[in-house]
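Throughout, read-outs are computed from the coordinates displayed, never taken from laboratory work. Treat the numbers as computed from the prediction; the structure is a model and nothing was measured. So basically every Cβ, Gly included, is an ideal-geometry build from the backbone, and we count neighbours across all protein chains shown.
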Amino acid sequence: MLTAEDNNRLTGVSAGTPVGELMRRYWHPVLLSTELPNPDCPPVRVRLLGEDFVAFRDTSGQLGIVESRCPHRKVELYFGRNEECGLRCIFHGWKFDVNGNCVDMPNTTEAAAERMKPRAAIKALEVVESNGAIWARFRAPEGEALSEGLSQFPFIGLPDSHVHVSKFLQKTNWAHPLEGAIDTSHFTFLHGPVVAPERHENESPQQARFRWIAEDGAPKMHLINHDAGMAIGAARSADGEGSYWRITQFLMPNMVLTPHAFPGETNFGGTWTPVDDENTWVFNYAYNLQRPLTDQERDDYQSGRRGGIPATDENFYPLANPSNEFMLDREFQASGEPFSFSGVKGVKEQDSVVQYSQGTIHDRTNELLVQTDRAVVYFRRHILEAAQALADGEIPASLKCADVFRVGSGDSISDSDVTFEQVLEERFGSPSGLIAADASS
């Protein structure tokens, strides 16, 4: 439970707010590469952390995300001409490059233009493209040293054939959907069957995990702090012969690497990129460290048939949404069929039901939390403390080194007396889940 003041601090992302300023120091996925497919293609509007920008790919293929309006008469540059390595305003022809520099001012004298161009420069974000996504970061204030280059999440640097990225729009605040992703106990209920599956002879761990999840809705929670955020271990009984671990990673400030992957299986993760206080782009990652994804897997992810990724329309808005009650089927809910507990089909659709019903901005001032909410409590505290530390002049550890984000998530089985640190060491090679750059697990 939070005070109203802390709840407002956690959820507010505008410029000048504590968490908004913290967020501006990190990289955020903002577009899919397919949204800017070619040099000189049409620009795209981007709204990030309550600020409006326009993104474009110039003639040489360089990407730019710049302030949305021309400084001359405040016309939207979205309507501009993307040509000859710059975006030209259609009102009076002022032109800007990917770094926000004004490179042409044709409606005044050459001497006046040369004097005025430095003053006409507009805000430009740092931009990196990787594995089918376009990432952006606000430029650090003068004198503030941040890590160079994109944060090295475990899928960054993999061949493109190993990674699939998609996105959808969620019309809520960013924080409580992320809290859902680190709340592993809800899988037993929201995503589970009404009745646990029966045990079968020669059952593989990949098959048995559905039963272990269904049988234990109160896993033992273990948390380990590390420089990038927090490793979360949820231990359930594995038929009384050991523990089944679901390992989640929360990475500052808004990424979660989810469990449900034994070694060799495809991993999943997500980033909740705040558009503003009331809207969020949810980016989904499917990545396999050992092999390329198949065409069928990609098609399934893209169409929402697999991987906890919803089916969307051409504007990336989920087909199951509040306007149709998320396609809730009461007959299915009452049927007792597998995964019918909620009456909604699809993992992400099931998540959306509860997240939208919590409100556009979730009120945390009147909750009753239990031991399986430990990760949620930590997340809130960690974000608020990091925001306050930054306001006091302290740079969080996660902003000092890009490599600390290369951590593993997934599933593991151990003896019942093994510690979470030992599980992470055995699974990933370190007691925090940090994995080597060339690791395949």
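Under the convention that each Lys and Arg Cβ holds +1 and each Asp and Glu Cβ holds -1, the size of the dipole of the chain around its Cα centre is about 1080 debye.
State the extension gain, in nm to one decimal, for the chain segment bounded by Ser303 and Ala397, taking 0.36 nm per residue of separation less the distance between their alpha-carbons.
Working: separation 94, 0.36 × 94 = 33.84 nm, distance 3.80 nm.
Additional length available on full extension: 30.0 nm.
By the Kirkwood approach, averaging reciprocal distances over each pair of separate Cα atoms, segment 158-255 gets a hydrodynamic radius of 15.7 Å. Extending 7 Å from the Cα toward the beta-carbon at both Gln206 and Gln388 defines two label points whose distance is 4.7 nm. FRET efficiency for the Glu83 to Glu129 pair, using the beta carbon distance and R₀ = 22 Å, is estimated at 0.60. If the chain linking Thr419 and Asn99 were pulled fully straight, counting 0.36 nm for each residue of separation and taking away their Cα-Cα distance, it would gain 110.3 nm.
Using a simple spin-label model with pseudo-atoms 7 Å out from Cα toward Cβ, Asp313 and Thr294 lie 3.3 nm apart.
For segment 26-137, what is the Kirkwood hydrodynamic radius in Å, using each pair of distinct C-alpha atoms?
On the way: mean 1/r = 0.0716 Å⁻¹.
For segment 26-137, inverting the mean 1/r across all distinct Cα pairs yields 14.0 Å.
Taking 25 Å as the straight-line reach from the Cα of Lys123, the lysines in range (excluding those fewer than 8 positions away in the same chain) are Lys74, Lys95, Lys400. Each of Cys85, Val98, Leu49 was scored by the projection of its Cα onto the charge dipole of segment 26-137, and the greatest displacement toward the positive side belongs to Leu49; charges sit on the C-beta of Lys, Arg, Asp and Glu. Checking Cβ-Cβ separations below 4.7 Å across the chain identifies Cys41, Cys85, Cys102, Cys401 as cysteines lacking any candidate disulfide partner. Overall, the anisotropy analysis places segment 351-441 in the oblate class: the square-rooted eigenvalues a ≥ b ≥ c of its C-alpha gyration tensor yield a/c not less than 1.5, with a/b not exceeding b/c. Note on Ile90 and Ala4: the extension gain reaches 26.4 nm, defined as 0.36 nm multiplied by sequence separation minus the Cα-Cα distance. Which whole-number percent gives the relative contact order of segment 160-428, counting Cα pairs below 8 Å spaced six or more residues apart? Relative contact order for segment 160-428 comes out at 28 percent.
Here the label points at Asn225 and Glu110, each 7 Å from Cα along the C-beta direction, are separated by 6.2 nm in the simple model.
What do you get when you divide the Cα radius of gyration of the chain by 2.2 N^0.38 Å, with N the number of residues? Could the numbers behind the result be given before it?
Working: Rg = 23.1 Å, N = 441, 2.2 N^0.38 = 22.2 Å.
Computed over Cα atoms of the chain, the ratio equals 1.04.
Listed by chain and number, the lysines whose C-alpha is less than 29 Å from the C-alpha of Lys345, apart from same-chain residues fewer than 8 away, are Lys167, Lys171, Lys220. At an R0 of 30 angstrom, the distance between the Cβ atoms of Arg330 and Val370 translates into a FRET efficiency of 0.60.
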